[in-house]
Structure formats: structure tokens, C-alpha cells
Amino acid sequence: HGSMTHQYKPYEQIRIVKDKYGNAAKQNATMLTLVRNEELFDMLQSIQQLESRFNRNYQYDWVFLNDKPFTEDFIKQTSAMVSGTARYGIIPYEHWSYPDYVDAQKAKEVRESRHFSNVAYGSSESYRHMCRFNSRFFYKHPILDDYQFYWRVEPSIEYGCDIMEDPFKYMIDNKVNYGFTLTLTEFPKTIPTLWETSMQYFEQPEVKEQLPPVEESLLSFISDNGGLSYNLCHFWSNFEIANLDFYRSPVYEAYVDHLDRAGGFFYERWGDAPVHTIAVAKMMRASEIHLFTDISYKHTVAGSCPLDDAFRQKARCTCDPGTDWAITSGSSCNIKFLEVSHQPAMADFEKYRD
Ligand code: GDP
Ligand code: MN
């Protein structure tokens, strides 16, 4: 690939600045979306949801990233719906291609192998670039240099309640560095060696001494046997609000570099969700990690709904608490999280639990 020239510069395609009629005080933060041009209408749905439930009162910026240039139509239609400044960035080629230590031919054989034929996205090449980008490169995009916190937003999501409090402000006031709404268990076939590769890194003495004490970490959320093996629990990263300084730290940087050199983004199908989760659980104190039980968020198979009747009225919710993923799905790890982190559940949790 070294000999090809790419038109992927400048990294910022266009910035559409809105007249601000600001009311609420804003934090140093942005909405962040990786998306394809073909997903325009699913993206408009997401923007409409988050703007009407939250962002119209704040006008946070919205950063859109793409491995290909955005079309004029995509830019026109999405920027018209965003209340804050809309920025469109192109991903540098080095962040969406094979590194020289990965064998692209072997990666192809893996994708075509029987092992992956019945695994979700098992045969997809672009999905692997996407997961690797979301694991080790998104925070390096130059546009993100302007922000400290991001809120990840995908196409085809729903917010079922008004968001009553600015989550960025909540996180900053409470020293929270990673926030989520939903958890799932990973398909084991996608990550055969992720755990051992991760532990090889985290168990090095010079890394260990930079981590919080194990008792203060969230290791018990991701391992049921003191770190011997992974229980597959992960924060569903299509919703996440986090502090970019966490990823910018040398410990995270070296972790994802170590993972990348092991090749599992391509030779297996490592997702950014388990990668973020393992890093967060090892590197942060449990008190820095927050489950937003008061945000109703839905994407494809899973959705959350606040289990507090009075709150749902106040927040004009349309979600059905009886369908809340945490209490209806055997593959949610939210209850485990509440237990190990000692975070309180919402007021009517017991009423809906069974
Ligand atoms: P899933 O949530 O794991 O089913 O994966 P998605 O298909 O929803 O992809 C995750 C996110 O990455 C979404 O925001 C997609 O729009 C985005 N995405 C996935 N593949 C690509 C790609 O090839 N190019 C770009 N620009 N975005 C992608
Ligand atoms: Mn998705």
C-alpha cells in the first residue's frame, strides 16, 4: 500500500458552524459518529433522537468520521439536523489499512475459513478495520484534539426518555471517566486469544505498577475467577461516553499496540467493545465507571429503560420498563456490574426484576 497516493487530506473535510443560542453551560465534549454515506437515513434518525431528547438544549458539537469522503448530500442533511457545529473528518489511511506486521493474505484465509462462516461479521474485512479503528485510532483523529470527552453515537439508535442531566457534567463532577448503558456477553469464537494476549500485557511488572490495586479495579466484572479467564462481559460500546485522556495515556496506548501486533483484529475478530472493557476494568478504579441507569438507549437487539416509575413520567419516557435488557436478557451483565461496583439500582428495580 505504501506506493499508492491517497486523497484523504485534509483530515477535516468541512466544518459547519451554527449560530449558537446557547442556554446551558457546556463541557469540553463532542458527539462522535463513525458512519458510512449509505447510512444517511439511519443516521438522521439517531440525530433526531438525541437532539430532541438532549442536545438541542446544549448544542454540543458533532464530529462525523468516515474512511471515505462524505458526500455533499450526507453533509447537507446531517448538518441541518445538528444543533451544534457539525464537523466532518476523513480517517487517515494508516488508521484503516493493514500494518506491515499483519499478513493480509493470512487474514483473508481466516475470513474465508469455516470457523468464521457462521460468526456475525466473521467474513467481513471492513468490520475488522472498523473494530481496530475504534480500539486504537479514533482518539488520535486530529479533530478530537479539540475535546476531552466524547459521546459515541451510531446510526439506528433510539433514546426513549428525555436526558434530564448533562451526562458530561455528571461525569466531570463525579470524576467518572467511562459511562455506559448496556452490557452483553461476547461470542467466544471472535476472541479466542484476546484474554491471554491482554493478560500478557497487564501482568508485566512495569505495567502493573501503573494500574490501580486489583481490589479497587473492576476485574471482578470481567473475570469470575480472579483473572484466570474472561467471563465475556463487555460494555456495549456503540453507546459510550468517555474521557479521551484515558485513551491518550501511555498505558492504554501500549496495550492496544501490543494487541495490534498480536494480529487478533485480523486473524480473529476482536471487537472494540471487549477491548475497551478490558482496558477500563484493568486501568480505572471502579468509582470511575458509571452505568447510566437513567438513560433509555436502544440499538438493534438491546434497549434499556429506567426502572423508576416516577422518573419515567418526569423524563417523558416512551420505553417499556418490562423490556429492559438488564432484567430480560441472560446475556446482560448490568446486574453483575451493579453488584461489583456497589452502584445503586433505580427505585423500582425489584418490582420489575421478575
Ligand atoms: P455492529 O453495531 O457491531 O452491528 O456494527 P455496525 O455495522 O453498526 O458498525 C459500527 C459503527 O461503525 C457504526 O457507526 C457504523 O456506521 C460504522 N461502520 C461500520 N463499518 C464501517 C465502514 O466500513 N466505514 C465507515 N465509515 N463506518 C463504518
Ligand atoms: Mn451498530
Checklist outcome for this item: Square roots of five times the C-alpha gyration tensor eigenvalues of region 129-195, ordered largest first and given in whole Å, equal 25, 19, 14
Checklist outcome for this item: The Kirkwood hydrodynamic radius of the chain, taken as the inverse of the mean 1/r over all distinct Cα pairs, in Å, comes to 21.1
Item to check | FRET efficiency for R114 and N225, using Cβ-Cβ distance with R0 set to 45 Å, rounded to 0.05 | outcome: 0.90
Item to check | Distance between modelled label sites at Q200 and H258, nm, 7 Å Cα→Cβ extension | outcome: 1.0
Checklist entry - Between Q210 and T323, how many nm apart are label points set 7 Å from Cα along the C-beta direction? => result 4.4
Item to check | In nm, spacing of pseudo-spin labels at D103 and I16 (7 Å Cα→C-beta vector) | outcome: 4.7
Checklist entry - Roughly speaking, what is the centre-to-centre gap between region 119-147 and region 163-179 when only Cα atoms are used, to the nearest Å? => result 24
Checklist entry - So which helices of the chain fit the span-like rule, where a helix is a whole DSSP H run, its Cα atoms reach 15 Å or more along the axis, and its mean Kyte-Doolittle is at least 0.0? => result 272-283
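Where a number appears in this text, it was derived from the coordinates with a stated rule and is not lab data. In this text the structure is predicted, and so the values were computed from the model without any measurement. As a convention, Cβ positions derive from the backbone with ideal geometry for all residues, glycine included, and neighbour counts pool all protein chains shown.
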